[in-house]
Amino acid sequence: MSTHDKSGNGNGNGAAIFRAGASGARAGGSMYALFEPPPVDAVALEERAASLAKRSIKKAAKVAGLKLSVTMMDLTTLEGKDTAGKVRQMCHKALRPLESDPSIGPCGAVCVYPNHVTTAKEILQGSPVKVASVATAFPSGQSPLAVKLDDTRRAVEFGADEIDMVIDRGAMLVGDYAKVFDEIAATKEACGSAHLKVILETGELGSYDMVRKASELAIAAGGDFIKTSTGKIQPAATPPVTLLMLEAIRDHYYATGRRIGMKPAGGVRTAKQALQYLVLVKETLGDAWLDPDLFRFGASALLNDVLMQLEKERTGNYQAADDFSKD
């Protein structure tokens, strides 16, 4: 059974087909998979990811790659101690990551809790930097659907351009795929014109096979992006998991012509790692995905290392970490 919508609308015919199968998800008190993607060859996946990570990128190509990675970063602050001042500072950094070089940036987005969306919108108004907000009882997802949808609508009303939702990992792990699908589809509807990033929290899914299933399900339910992690659980983003999710996006694109974005989040901390992830994207999906509209980094710690590397390439000397603002 195909879960793909040939029209390219994730909430159109594909969702209807999926829901038709979902009604029979339980039989005799047991659950079974609504679809069965091919089993993942873990050895081949990890070897492919390791091989691509060895690609050497030097000189002008390295500088271009690092500058591109800055435009793909979602600067993020998701702490209980967040303040309006911290959010304003982060927004200014997203607009001008390196004061001495206006050719670098701006970043792709800032990601904040709903309460700080209006503050971010005030600073970023008129700029290309998007405001993303987490919703749906982030990071656990353990709230009733009505609460999750209210959370989403409120963030959109405050002005969020993008919503980062978390799936119900408990439902996913017990095989209640219909519940996971329906919550994603309902959240997508609640987003209105805002883009929806679906966080799988791959570190809690337990296997590559489950990550592949969750990726396909999130895409079929209407997600505009699939995202590895909340950043609150380890392991978060890894090259093999990211490659696996990119392959799910590729297969969906071949089947439907619909382009889905990808966001590895958590654990990507160095300029070297950022370039490795860009290689994964280029070799799996091609140049079209080397764009902030289709690829982002969840980057709380990545930006400063990339800026240090760019300054090193420009001057020949490494800069001190204290030369760059922390937020």
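The values are calculated or read from the model by the stated rules, or taken from the named source; none is laboratory data. All values derive from a computational prediction rather than experimental measurement. Cβ coordinates were reconstructed from backbone atoms using ideal geometry, including for glycine residues, and neighbour counts include every protein chain displayed.
Here's the yes/no breakdown for (1) in a strand (DSSP E or B); (2) out of contact with any Cys (no Cβ under 9 Å at 6 or more places or on another chain); (3) at pLDDT 95 or above; (4) over 17 Å from ARG296 (Cβ atoms):
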| residue | (1), (2), (3), (4) |
| --- | --- |
| ILE219 | no, yes, yes, no |
| ILE226 | yes, yes, yes, no |
| PRO240 | no, yes, yes, yes |
| MET245 | no, yes, yes, no |
| ILE249 | no, yes, yes, no |
| GLN273 | no, yes, yes, no |
| TYR277 | no, yes, yes, no |
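Scanning the range 281-306 for residues that are out of contact with any strand residue (DSSP E or B) (no Cβ under 6 Å at 6 or more places or on another chain), surrounded by fewer than 20 Cβ atoms within 10 Å (Cβ to Cβ), modelled with pLDDT of 95 or more and outside any helix (DSSP H, G or I) gives GLY286, LEU290, ASP291, ASP293. One residue stands out among those in the range 21-57 that are of a type in the set (D, E, K, R) and modelled with pLDDT of 50 or more: the one that is farthest from LYS282 (Cα to Cα), which is GLU36. Annotation note: Cβ proximity below 6 Å between a residue of the range 30-52 that is closer than 15 Å to VAL279 by Cβ and a residue that is of a type in the set (A, V, I, L, M, F, W, C) and at pLDDT 95 or above (sequence gap 6+ or interchain) occurs for ALA49/LEU243; LEU52/VAL279; LEU52/LEU280.
Scan the range 116-140 for residues that are in contact with a Lys or Arg (Cβ under 8 Å, 6 or more places away or on another chain), without any contact (Cβ under 8 Å) to a residue 60 or more places away in the chain and under 20 Å from THR228 (Cβ atoms) and the total you get is 3. Filtered by the rule that a residue be assigned to a loop (DSSP other than H, G, I, E, B) and in contact with a strand residue (DSSP E or B) (Cβ under 9 Å, 6 or more places away or on another chain), the range 124-143 gives VAL129, ALA135, THR136, ALA137, PHE138, PRO139, SER140, GLY141.
Would you check if there is a residue in the range 110-123 being of a type in the set (Lys, Arg) and part of a loop (DSSP other than H, G, I, E, B)?
No, there is no match, as no residue in the range 110-123 is of a type in the set (Lys, Arg) and part of a loop (DSSP other than H, G, I, E, B).
Hey, can you tell me all the residues within the range 151-161 that are in contact with a helix residue (DSSP H, G or I) (Cβ under 8 Å, 6 or more places away or on another chain), of a type outside the set (A, V, I, L, M, F, W, C) and part of a helix (DSSP H, G or I)? Within the range 151-161, ASP151, THR152, ARG153, ARG154 meet the criteria. Residues being among the hydroxyl-bearing types (Ser, Thr, Tyr), buried (at least 23 other Cβ atoms within 10 Å of the Cβ) and part of a helix (DSSP H, G or I) are entirely absent from the range 253-261. What do you reckon, is ASP164 buried (at least 17 other Cβ atoms within 10 Å of the Cβ), assigned to a strand (DSSP E or B) and not basic (Lys, Arg)? So ASP164 passes the test.
Go over the candidates LYS81, LYS148 one by one and state the one that is farther than 30 Å from GLU216 by Cβ and out of contact with any helix residue (DSSP H, G or I) (no Cβ under 6 Å at 6 or more places or on another chain).
LYS81
Exactly one residue among ASP82, ASP101, ASP74 is assigned to a strand (DSSP E or B) and either at pLDDT below 95 or within 27 Å of THR152 (Cβ to Cβ) (or both), and that residue is ASP74. crowded, with 22+ Cβ neighbours inside 10 Å and either of a type outside the set (Ser, Thr, Tyr) or more than 22 Å from ASP224 (Cα to Cα) (or both): does that describe LYS272? Judged against the criteria, LYS272 is not a match.
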